[in-house]
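What follows is a set of notes on a single structure, which appears directly below.
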Amino acid sequence: MAVTLSAMIGSGDDAPSEILRASDGGYVIFGTMNPLGRLERDYLVTVRKDGKTKLFSPVPAFLEKFLLQPKEILEKDVEPLEKLIGIILDDTKSEEHRAKLREVLSGLKALECIIRRIIEMEEEEMECVKR
């Protein structure tokens, strides 16, 4: 199945300002349906069917939900993994294994730093949006 995406401008009260349209035929864009499916699972877009065409539209609170993702990733994934690797590192006797764990821990610390910078930038952006 070939997937074509095009942006459409919606009109009227119930129509979103932008709709992503995926339909058969036209240009083949591989890998498009998976990201759209993830956005749908995360409740960031809604999907409507128009015949064989799927219409993807952003939910009204898309920006707010999108901006919360880095903080959730940090709290639910990165920080717990850092703690777990720290515990494993303390219990590990093999120096070779400890070196690998330190390398992983170093990468997680770098990731944590990057995510924190993203969160700071998003907070600044939200201040601009609120004005």
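A short reminder: the numbers here are calculations on the coordinates, not readings from a lab. As the structure is a prediction and not an experimental result, all values here were calculated from the model. Here the Cβ is made from the backbone with ideal geometry for all residues, glycine too, and neighbour counts use every protein chain on show.
For the range 62-130, the relative contact order comes to 46 percent (Cα pairs under 8 Å, sequence separation of at least 6).
As a proxy for reagent exposure, ranking Lys52, Lys71, Lys93 by other Cβ atoms within 10 Å from fewest up yields Lys93, Lys52, Lys71. For the pair Glu72 and Glu127, label points projected 7 Å from Cα toward Cβ lie 2.6 nm apart.
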